[in-house]
Amino acid sequence: MTKSAASNRPTRRAFLTGVSATLAAPAIMRHTRAYAQNPVVKVGHVSPRTGPLAGFAEADEHVLGAIETIFSGGLENNGKSYGVEIISKDSQSNPNRAAEVAADLILGEEVDIIVAASTPDTTNPVADQAEVNEVPCITTDCPWQPYFFGRAGDPAVGFDYTYHFFWGLEDVIAAFLDLWDHPDVSKAIGGIFPNDADGNAWGDPELGLPKPLAGAGFTLTDPGRYQPLNDDFTSQISAFKQAGCEIVTGNMIPPDFATFWAQCAQQGFSPKIVTIGKALLFPSVIESLGDRGDGLTTEIWWTPNHPFSSSLTGESSKALADSYVAATGRPWTQPIGFKHALFEVTADVIRRAADLDDPAAILDAIRTTDIQTIVGGVNWAAGPVKNVTKTPLVAGQWQKTGDGFDLVVTSNAPAPEIAIGGELKLL
Amino acid sequence: MSAADNHIVARASPASRIAAFIGVLLLIGLIAAPWWAGRADMRLISEICLYVALASLWNLLAGYAGLVSVGQQAFVGLGGYFLFAATIFFGVPPLAAIPLAAAAGAALAVPIAVLIFRLRGAYFAIGTWVVAEVFRLVFAQVSALGGGSGTSLPAGIVKGIAASRSLREAYTYWMALGLAVLVVAMVYMLLRSRRGLALTAIRDNELAATSLGIDIWRTKFFVYVISAALTASVGALIFLQKLRISPDAAFSVNDWTAFVIFIVVIGGIGTIEGPIIGTIIFFLLRETLADLGTTYLLVLGFVAIAVMLRAPKGLWGYVKDKTGVELFALTRRVVPKR
């Protein structure tokens, strides 16, 4: 063996240098999109398209279709036009699946921003994956307490990567107190809360309804948490009857409310006002209750009469709802406005981010958001805790008009900018 | 020379030798995955590994011990909750909590087994489901772990596994791969042991096995406790990846039992190969069709019906019947001396 042949053989040192260079290559050669011909920003979206929560995502196809048309021209960032690719995944209404698809979007599709909507079962697992995998995340359509405290959030610390806009329990309480302020109704309230993320938050003695209700002079009868998909509410109903409750409130899923409401009729319990969160949001649920759906009351986050317009298209709330009704022939639902607003915020963040390749810059853009969307102002500097900002909330009643039911705003004390549409009728 | 001298009893066959060789190569490749695979691929492989483990354990129960349990989610959820409780309240490192979850699973499986082994057949199946529902309802009352709302694993705990994200991902990946290999190896060694012979006898005919002096209760008890322990370990690792636990997610009969039964039935019940092949088919279907929404679930149903009608012993059972091939050397056969 000659000397030159020996020196051609890879030495241990050369081998190590080569290997470490190869291993480090992905970190050094970070792909910078700003120089690409047609740079694309990837947005991951998770919602419950199928399963028991499907009502919340019923309008997704229509809203996302419209958003994609708007984005097809590209969004301008630092003088350069970026294409936006929205990759939508179905959580199947299952928190396990929501975590899986969020991880797929983050690790597989390598999305730059992940967004999610509708109930803690969707927003929380997605936000948890985003937090650990360090991807900016924006969520909506879930009261902020179950989102923030349900994820073991500490108001002093907050989260780094995950941001949320919606209303909170304090808003529901204010809206409901205003709704229940009626001379002919006594101040005895029956509270019915399930043992799930929303029910535990609403019924929480400190952060939920009980404390402010007592402060406002109401007596609350709370027979304790029931398991979701319960089929017998006799004990709750007799407790309410015994206490002489004239108002019933709570947070239920539609099948539980249908059972409860039918059993109230069978057992001769007829309160004057029934105000339930979550169960009474959708016209399809009210229609399924028949005549007993008339006069039920609920929280209202968005209606076609809200005095806001889209920052993307300039169209009014009414125009947005009308386009959905015209395209699908189905009645409008409240999530339409919020799904549109979610992408308004996303577009605003994409436009303002200092560097779309840097998650920290995207987070900076989220933190400094200040826009008027179709559901109201979104500005994280003004939130109750670091990662949350709130949109206005009112309350109202389902009233029968001809063949269908109409959701009418009947009280607006917490958000006077939203006009009242009619009088509250007692049941 | 008598005929007996010309033949020997062997377990290994050319097919099993080749399979073992390819298996070892494949394993080396998989161990090295953090160097060649992307983050998403690693996550997918670890999910596949966890399902291989769950399916192999269910197959051991149902396919060999005749214990058709539809309540294995009780132990998956238990392992998950154990991980959350141990790490949040007692500061146990997450990776250490995974083997500890096995101990917790075994400790709880003992009284449960004593209770539900009084039931047989369909009653046993329903009994296991009831136990799982009891677990779900009990954990829904534990407000320290979020009650019915569930809770998230604080990001600090996850980041405590390792300083860098890639190392963290590599550790959880190796844990998943290691667990799957451990489970398959355990099932293989168990079936080759004296107890395995008893199990095979029970699988083929319980009454005949009793008459040979096999203590059926003890054999089944042993299998039940072992698979409960390992299922709890798998559960802990599953929820370390999910980062969030709630009673409905932890004790989901769909995710942790129905899909697992689907996998085993499709792949071939009562074979070691079946659960592995079933898992691969399940993931092929899921990765290609899951975006179709309800259509995906319909396809799963059709596949299950078609396989059950055409190949009642599952795909591997069908191949085995036609060819006699066995990748894991279990069956003793008489072969001519070379």
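Overview of results
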read-out	value
Chains B and A, summed buried accessible surface - 1.4 Å probe, Å², nearest 100	2600
Ordering of B:20-32, A:70-82, A:119-131 by burial proxy (mean other Cβ atoms within 10 Å per residue, highest first)	A:119-131, A:70-82, B:20-32
Shape category assigned to the protein assembly as shown from the gyration tensor of Cα positions, a/c cut at 1.5	oblate
Per-residue average of Cβ from other chains inside 10 Å of A:246-256	0
B:187, B:299, ranked by accessible area, largest first (probe 1.4 Å)	B:299, B:187
Sequence-distant lysines (8 or more away, or on other chains) whose Cα lies within less than 21 Å of residue A:42	A:80, A:89, A:339
Largest-first principal axis extents of the Cα set of region B:30-252 (Å)	59, 43, 24
Violating pairs (Cα-Cα greater than 30 angstrom) within the set B:220/B:242; A:211/A:241; A:318/A:400; A:211/B:159; A:390/B:242	B:220/B:242; A:211/B:159
Residue-averaged beta-carbon neighbours from other chains (10 angstrom radius) around B:164-177	1
Contact order relative to length of chain A, as percent, for alpha carbon pairs under 8 angstrom and 6 or more apart	15
For region A:199-301, alpha-carbon Rg over 2.2 N^0.38 Å	1.04
Residues of type lysines that residue B:322 reaches as a straight line, Cα spacing below 30 Å, ignoring anything fewer than 8 places off in the same chain	B:313, B:337
Rounded tilt (10° steps) of B:294-310 against the dominant C-alpha axis of chain B	20
Per residue accessible area in Å² of chain A, where ligands, DNA and RNA are left out and the probe is 1.4 Å	39
Protein-protein interface of region A:91-114, residues with accessible area decrease of at least 10 Å², isolated chain reference, 1.4 Å probe	A:92, A:94, A:95, A:96, A:97, A:99, A:100, A:103, A:104, A:107, A:108
Theoretical ellipticity at 222 nm over chain B - DSSP helices of four or more residues, -39500 (n - 2.57) apiece, nearest 500	-23000 deg cm²/dmol
Surface per residue (accessible, 1.4 Å probe) for region B:30-252, Å²	39
Average other protein chain Cβ within 10 Å of Cβ, residues B:151-157	6
Under 13 Å from residue B:320, Cα to Cα: aspartates and glutamates that are on another chain or at least 8 residues apart	B:273
Potential lengthening between residue B:31 and residue B:15 on full extension [0.36 nm per residue; Cα-Cα distance subtracted]	3.4 nm
Accessible area in the full protein assembly, largest first, 1.4 Å probe, for B:189, A:252	B:189, A:252
Nearest-ten-degree value, helix B:216-242 long axis tilted from longest Cα axis of chain B	40
Accessible surface of region A:298-427 [probe 1.4 Å, protein heavy atoms]: carbon and sulfur percent	50
For residue B:308, solvent-accessible area (1.4 Å; no DNA, RNA or ligand), Å²	100
Table column - 3J(HN,Hα) (Hz), region B:131-146, Karplus curve with 6.51, -1.76, 1.60, x for Gly and Pro	4, 4, 5, 4, 4, 4, 5, 5, 5, 5, 9, 7, 6, 5, 9, x
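The values are calculated or read from the model by the stated rules, or taken from the named source; none is laboratory data. All values derive from a computational prediction rather than experimental measurement. Methodologically, a virtual Cβ is constructed for each residue, glycine included, from the backbone with ideal geometry; neighbour enumeration extends over all protein chains shown. Note: accessible area is taken over every heavy atom of the protein model, side chains too, but ligands, DNA and RNA are not part of it. Shrake-Rupley method; radii C 1.70, N 1.55, O 1.52, S 1.80 Å.
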